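Engineer: A single structure is presented below for examination.
The values are calculated or read from the model by the stated rules, or taken from the named source; none is laboratory data. This one's a predicted model, so the numbers in the text were calculated from it and none came from an experiment. In this analysis, Cβ positions are derived from the backbone assuming ideal geometry, glycine residues included, and neighbour counts consider all displayed protein chains. Ligands, DNA and RNA are excluded from the accessible area calculation, which covers all protein heavy atoms including side chains. Shrake-Rupley method; radii C 1.70, N 1.55, O 1.52, S 1.80 Å.
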Protein chains: 2
Amino acid sequence: MRARVPPPARPVGIKDIARALGVSIGTVDRALHNKPGINPDTRRRVLDTAAALGYRPNLAARHLKSRTTIRISVQLPQEIALFWDSLRDGIREAAAPFEPTLQLEFRSNPRLGEGEVELFEQALASGVNGIIVAPGDPVALEPCIRQAARNNIPVICVVTDAPGTERLASVSADPFTVGSVAGELLSRFLPNGGDVAFFTGWLGTEDHAEKLRGFDASVNAVGRGVHVVAVVEAHDDERTGYRRALAVLDAHPDLKGIFVSTVNSLPVLRAVERKGRTGQIAIVTTDLFPALVPRIRQGQVAATIYQRPVTQGRHALQALYQFLLDGTKPPTRIKVVPHVVMRSNLDLLLERRSGETP
Amino acid sequence: MRARVPPPARPVGIKDIARALGVSIGTVDRALHNKPGINPDTRRRVLDTAAALGYRPNLAARHLKSRTTIRISVQLPQEIALFWDSLRDGIREAAAPFEPTLQLEFRSNPRLGEGEVELFEQALASGVNGIIVAPGDPVALEPCIRQAARNNIPVICVVTDAPGTERLASVSADPFTVGSVAGELLSRFLPNGGDVAFFTGWLGTEDHAEKLRGFDASVNAVGRGVHVVAVVEAHDDERTGYRRALAVLDAHPDLKGIFVSTVNSLPVLRAVERKGRTGQIAIVTTDLFPALVPRIRQGQVAATIYQRPVTQGRHALQALYQFLLDGTKPPTRIKVVPHVVMRSNLDLLLERRSGETP
DNA sequence: TTGAAAGCGGTACCAC
DNA sequence: GTGGTACCGCTTTCAA
């Protein structure tokens with residue numbers, strides 16, 4: 001039995017280093033921060049003893065002095081409340097330890113893709129230090145992100161990405177994995193094989209295309225006679241989704257499984273009901289919102305792939321804050337492992353969600 | 001589109017309150033912290049204006065002054081490395097923002113349940129302020145926890161609980177849900193029904209019994225002719241597990257599903273192999289360790305219920321730290337939502353695990 | 001019961 | 001190039 005216990009006690013500070021070398025703390029500070037006006041030789045010695053003594057800066061003290069409150073603007077839609085509020089909670093939670101050196105400013109647009117540019121410009125104009133945004137319309141936002149990059153304002157995308165822009169990083173449930181998990185679940189749910197359909201928004205969106213790739217790969221990998229017989233673009237629109245779902249159901253009277261890879265699953269569920277095929281089709285959806293809860297509970301939806309907004313929020317804030325503080329560059333894509341939510345863990349998930357609010 | 005932006009700028013501090021009332025900051029401090037020796041009337045006025053001005057304490061300053069480095073002892077087994085190291089990582093990660101006001105001391109015993117008491121006593125003797133422990137043998141540990149409680153040293157149990165003791169809280173994947181998720185998965189994987197077996201350690205352990213309860217409830221809820229035909233106690237022992245698994249396989253030539261609710265799944269997998277029944281039985285396991293990885297990849301294990309050690313570690317540390325700082329009592333049981341890990345999300349999970357280490 | 005003042009570890013800005 | 005020192009917001013101690 002080994003007991004690993006750190007060296008006695010008191011953490012070594014800047015003045016320990018100063019004392020050890022017989023220099024002043026001002027010099028030590030200059031050396032540690034690569035500031036100009038110091039003999040390169042002195043710097044070396046300071047850095048060496050700092051390392052030798054195992055110096056670790058006291059973050060509390062640093063924040064205290066740096067009177068500069070860091071302001072981060074968080075721009076997210078109002079709808080769908082449960083999802084975006086969870087994301088906001090995650091951000092808030094991660095920011096709590098840094099209060100009030102770090103200030104959050106929440107800006108909201110009504111729905112994903114609406115009024116994003118205005119919010120972005122407003123944030124830039126108000127002089128924030130960093131931005132967290134869910135780009136519903138990446139193309140429209142591209143000039144904004146470029147502008148931010150020119151002003152050295154780091155931008156982190158959450159949930160959806162704006163690929164090919166100068167954003168610092170993106171945080172999301174890896175879309176390939178999301179599709180892949182859904183595909184594997186459906187394959188396992190259909191051990192006798194059968195036809196399945198894939199619903200998405202726009203295949204032009206990188207995110208959605210990736211989900212399809214993952215789904216396909218996974219269905220074929222298991223390979224027990226499960227076939228993707230329909231790939232449907234519903235354009236995130238209720239009516240389109242409903243109409244096209246009806247058409248698919250008619251065209252494939254023997255359909256055994258459905259994966260809806262966007263949040264737009266309700267119209268598909270309604271179509272299945274309307275055709276009286278509930279219970280004959282294994283359905284996997286994406287995300288979690290109030291209207292979905294009873295359908296999971298009743299078993300109409302076998303599983304939903306939850307993209308874990310709270311966790312995404314936490315990661316986004318941490319990455320952004322680290323960057324603003326240290327200049328530490330996060331990985332370009334921060335991937336969150338999606339949750340498989342079914343009847344059996346639904347309550348625990350909802351409970352945790354509500355418990356986190358205080 | 002609404003833009004919610006907080007009031008102009010500078011956070012209000014303790015001396016703003018003092019100035020507003022014409023008292024000293026000492027008085028304000030006494031009021032805010034319910035300290036003795038202050039006129040109840042003065043206290044009221046201070047609290048009121050504090051609320052009115054929207055005072056939020058500056059955590060950085062607070063940590064800075066409280067010269068008292070909080071020492072937390074973390075007592076976990078060495079084996080199985082991947083799992084416990086993940087837990088340690090989660091704890092470290094959560095502690096990082098509070099460096100070096102918060103000091104972690106890691107103590108390790110070789111295996112769960114071995115040498116726990118010694119480590120615990122050692123930690124108590126060294127005068128730590130709080131303890132995080134995974135009690136392998138809760139009964140043996142009970143007097144230790146009592147002793148800690150008498151000394152006002154809060155103890156948080158992770159992964160497993162020590163029910164009925166004075167521990168401050170426990171953090172774990174809710175065992176009922178773990179069982180329940182496994183049951184639902186197996187039921188879904190077997191739409192034509194069939195016999196399934198449940199493997200555990202000791203049914204006397206509350207944790208294990210809960211898993212069985214969840215499993216049963218869930219299998220019966222779906223109710224498509226899936227029956228639990230065997231409940232096996234393997235006593236966390238490889239040989240026992242192997243022998244009993246062979247016996248179950250012989251007794252039920254038509255077995256269609258297995259859930260191993262402890263980490264002791266390898267012997268069961270070997271027994272299935274030995275009998276040449278791989279591929280004929282849907283297998284769900286618990287946790288994730290190197291030897292399990294290829295078996296998931298090959299499809300021998302359909303899914304494993306991952307108890308998310310990193311997250312458990314984070315929650316444990318946060319709860320303990322909050323309590324030591326504020327006296328904020330966490331919920332008695334902190335429940336983590338378990339992950340369903342399958343071939344399709346295995347890589348993402350492993351990748352994230354290794355990415356978190358730096 | 002209250003006020004005043006000395007730090008905590010770093011940073012920033014003086015003067016040498 | 002370097003040393004000294006006044007802070008940052010809060011806690012704590014000692015004096016009144």
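Engineer: Could you list, in sequence order, all residues of the range B:120-140 that are part of a helix (DSSP H, G or I) and surrounded by fewer than 24 Cβ atoms within 10 Å (Cβ to Cβ)?
Structural biologist: Answer for the range B:120-140, where residues must be part of a helix (DSSP H, G or I) and surrounded by fewer than 24 Cβ atoms within 10 Å (Cβ to Cβ): B:Glu121, B:Gln122, B:Leu124, B:Ala125, B:Pro138, B:Val139, B:Ala140.
Results for (1) at pLDDT below 90; (2) buried (at least 23 other Cβ atoms within 10 Å of the Cβ); (3) in the same structural domain as A:Gln298 (by TED's automatic domain parsing), shown as yes or no for each residue.
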position: A:Arg314; (1), (2), (3): no, no, no
position: A:Gln318; (1), (2), (3): no, no, no
position: A:Asp326; (1), (2), (3): yes, no, no
position: A:Pro330; (1), (2), (3): no, no, no
position: A:Val341; (1), (2), (3): no, yes, no
position: A:Ser354; (1), (2), (3): yes, no, no
position: A:Thr357; (1), (2), (3): yes, no, no
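Engineer: Is it true that some residue in the range B:106-123 is within 11 Å of chain A (Cβ to nearest Cβ), of a type outside the set (Gly, Ala, Ser), closer than 30 Å to A:Arg62 by Cα and without any contact (Cβ under 8 Å) to a residue 40 or more places away in the chain?
Structural biologist: Within the range B:106-123, one or more residues are within 11 Å of chain A (Cβ to nearest Cβ), of a type outside the set (Gly, Ala, Ser), closer than 30 Å to A:Arg62 by Cα and without any contact (Cβ under 8 Å) to a residue 40 or more places away in the chain.
Engineer: If you don't mind, there's one more thing I want to ask. Is it true that B:Thr101 is within 11 Å of another protein chain (Cβ to nearest Cβ), hydroxyl-bearing (Ser, Thr, Tyr) and touching a helix residue (DSSP H, G or I) at 6+ places or on another chain (Cβ under 6 Å)?
Structural biologist: yes
Engineer: Looking at (1) out of contact with any His (no Cβ under 7 Å at 6 or more places or on another chain); (2) within 12 Å of chain B (Cβ to nearest Cβ); (3) of a type in the set (Val, Ile, Thr), find the lone condition where A:Val46 falls short.
Structural biologist: Unmet for A:Val46, out of (1) out of contact with any His (no Cβ under 7 Å at 6 or more places or on another chain); (2) within 12 Å of chain B (Cβ to nearest Cβ); (3) of a type in the set (Val, Ile, Thr): (2).
Engineer: Quick one: in the range B:95-109, which of the residues that are open to solvent by 10 Å² or more (accessible area, probe 1.4 Å) and in contact with a Phe, Trp or Tyr (Cβ under 9 Å, 6 or more places away or on another chain) is farthest from B:Gly130 (Cα to Cα)?
Structural biologist: My answer is B:Pro97.
Engineer: Also, I was wondering about something else. Could you please give the count of residues in the range A:29-63 that are open to solvent by 90 Å² or more (accessible area, probe 1.4 Å), within 12 Å of DNA strand D (Cβ to nearest atom) and touching a residue at least 24 places away in the same chain (Cβ under 8 Å)?
Structural biologist: Total meeting the criteria: 1.
Engineer: Please list, ordered by first then second residue, the pairs with beta carbon atoms under 8 Å, 6 or more apart or interchain, first in the range A:239-255 and closer than 25 Å to A:Asn192 by Cβ, second of a type in the set (Gly, Ala, Ser) and in a helix (DSSP H, G or I).
Structural biologist: A:Ala245/A:Ala271; A:Leu249/A:Ala271
Engineer: Return the residues of the range B:130-164 that are among the polar types (S, T, N, Q) and farther than 20 Å from B:Gln312 by Cα; say none if nothing qualifies.
Structural biologist: B:Gln147, B:Asn151, B:Asn152
Residue by residue, here is whether (1) over 24 Å from the mean Cα position of the chain (by Cα); (2) not assigned by TED's automatic domain parsing to the domain that holds A:Leu21 holds:
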| site | (1), (2) |
| --- | --- |
| A:Leu53 | yes, no |
| A:Glu79 | no, yes |
| A:Leu82 | no, yes |
| A:Glu93 | no, yes |
| A:Gln103 | no, yes |
| A:Ser108 | no, yes |
| A:Glu118 | no, yes |
| A:Ser126 | yes, yes |
| A:Ala140 | no, yes |
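Engineer: For the structure I just gave you, tell me whether B:Arg10 is assigned to a loop (DSSP other than H, G, I, E, B), charged (D, E, K, R) and closer than 27 Å to A:Ile70 by Cβ.
Structural biologist: So B:Arg10 fits the description; yes.
Engineer: Identify, from the list B:Arg44, B:Arg71, the residue that is under 25 Å from B:Ala95 (Cα atoms) and more than 9 Å from DNA strand C (Cβ to nearest atom).
Structural biologist: Exactly one of B:Arg44, B:Arg71 is under 25 Å from B:Ala95 (Cα atoms) and more than 9 Å from DNA strand C (Cβ to nearest atom), namely B:Arg71.
Engineer: Let me ask you something else. Scanning the range B:12-28 for residues that are within 7 Å of DNA strand D (Cβ to nearest atom) and open to solvent by less than 40 Å² (accessible area, probe 1.4 Å), which turns out farthest from the other protein chains (Cβ to nearest Cβ)?
Structural biologist: Only one residue fits best here, namely B:Gly26.
Engineer: While we're here: Could you figure out which of (1) over 28 Å from A:Ile14 (Cα atoms); (2) in contact (Cβ under 8 Å) with a residue 40 or more places away in the chain; (3) touching a Ser or Thr at 6+ places or on another chain (Cβ under 9 Å) isn't true of B:Arg71?
Structural biologist: (1)
Engineer: Go through the range A:172-209 and give me each residue that's of a type in the set (A, V, I, L, M, F, W, C), part of a helix (DSSP H, G or I) and within 13 Å of another protein chain (Cβ to nearest Cβ).
Structural biologist: A:Phe176, A:Val178, A:Val181, A:Ala182, A:Leu185, A:Leu186, A:Phe189, listed by residue number.
Engineer: Still on this structure: Checking the conditions here, which among B:Arg56, B:Arg19 is within 14 Å of DNA strand C (Cβ to nearest atom), outside any strand (DSSP E or B) and not polar (S, T, N, Q)?
Structural biologist: It is B:Arg19.
Engineer: Go through the range A:222-280 and report how many residues are within 14 Å of chain B (Cβ to nearest Cβ), open to solvent by 20 Å² or more (accessible area, probe 1.4 Å) and in contact with an Asp or Glu (Cβ under 8 Å, 6 or more places away or on another chain).
Structural biologist: Total satisfying the criteria: 2.
Engineer: One residue is enough: does the range B:156-171 have a residue meeting the conditions free of Cβ contacts under 8 Å to residues at least 40 places away in the same chain, buried (at least 22 other Cβ atoms within 10 Å of the Cβ) and either in the same structural domain as B:Thr262 (by TED's automatic domain parsing) or assigned to a loop (DSSP other than H, G, I, E, B) (or both)?
Structural biologist: The answer is yes, given that some residue of the range B:156-171 is free of Cβ contacts under 8 Å to residues at least 40 places away in the same chain, buried (at least 22 other Cβ atoms within 10 Å of the Cβ) and either in the same structural domain as B:Thr262 (by TED's automatic domain parsing) or assigned to a loop (DSSP other than H, G, I, E, B) (or both).
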